[in-house]
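Here is the structure we will look at, set down as structure tokens.
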Amino acid sequence: MTYLKKMLTNSIKILFGDVRSSIVSIIVLSALGSGSIFLSVKKLWRETLAAIQSPTPLWVTIALVLALLVYIYLKTRTRPQNPPELKPKYHTIDEIKWEYFFNDDNSFHVNETPLCAKHNLPMFKCDAGYDCHERPVDHCNSLFPTKDYQNLYNKALSHIYRKINFPE
Ligand SMILES: [Zn+2]
């Protein structure tokens, strides 16, 4: 941004060697500096067209074109980007796989639903505890009683914490 400002200021200085340049600079730089764009492209474009077609002094036309370019530049740059996709990471303890995510502040949170490590499937809660859908067809050792859940979850939390903060 600073570079653009400098470049624009310089080109404005080259284009206009008189007092008008400061007016143009104010228009362009106020659009740049405030960070908020108060002009709509449509309005600018209309005014640019009108300026081109009327006997308006050339510097007004150039100022408007510049402002339009700056507006488009800022619009393209400040267009809100899609939030970075949350990429899950995994930590497996015994047959249970825990999914975790990093937050913006680099802390993390662990998905409360465990996965069967063998089948890579979210486990479901039933009378027997947490189970894997595939287990009856293709045996796995993921099944655990509900009373163990909190312990396993806490264990996953501390393992992941250690993995992140004290990597081997
Ligand atoms: Zn399974």
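FYI, it's all coordinate maths here, none of it is from the lab. This is a predicted model, so every value here is computed, not measured. So basically every Cβ, Gly included, is an ideal-geometry build from the backbone, and we count neighbours across all protein chains shown.
Amide hydrogen proximity for Arg135: with H placed 1.01 Å from N in the peptide plane, no residue at 5 or more positions away or on another chain lies under 5 Å. Count Lys and Arg as plus one, Asp and Glu as minus one, and take only other residues whose Cβ is under 13 Å from that of Ala156; the net charge is then 0. A straight chain from Asn154 to Leu58 at 0.36 nm per residue would run longer than the Cα-Cα distance by 27.5 nm. Residue separation of Asn106 and Lys43 scaled by 0.36 nm, minus their Cα-Cα distance, works out to 18.4 nm of gained length.
Between Leu143 and Cys132, the built amide H atoms are under 5 Å apart, and every one of these is 5 or more places off in sequence or on another chain.
Over all other residues within a Cβ to Cβ distance under 10 Å of Tyr100, the charged ones net out to +1, with Lys and Arg as +1 and Asp and Glu as -1. Going from the fewest other Cβ atoms within 10 Å to the most, the residues Phe124, Phe102, Phe144 appear in the order Phe124, Phe102, Phe144.
The residue list Met123, Tyr100, Leu86 was ranked by how far each Cα lies along the charge dipole of segment 73-165 toward its positive end, using unit charges on Cβ atoms, and Leu86 comes out on top.
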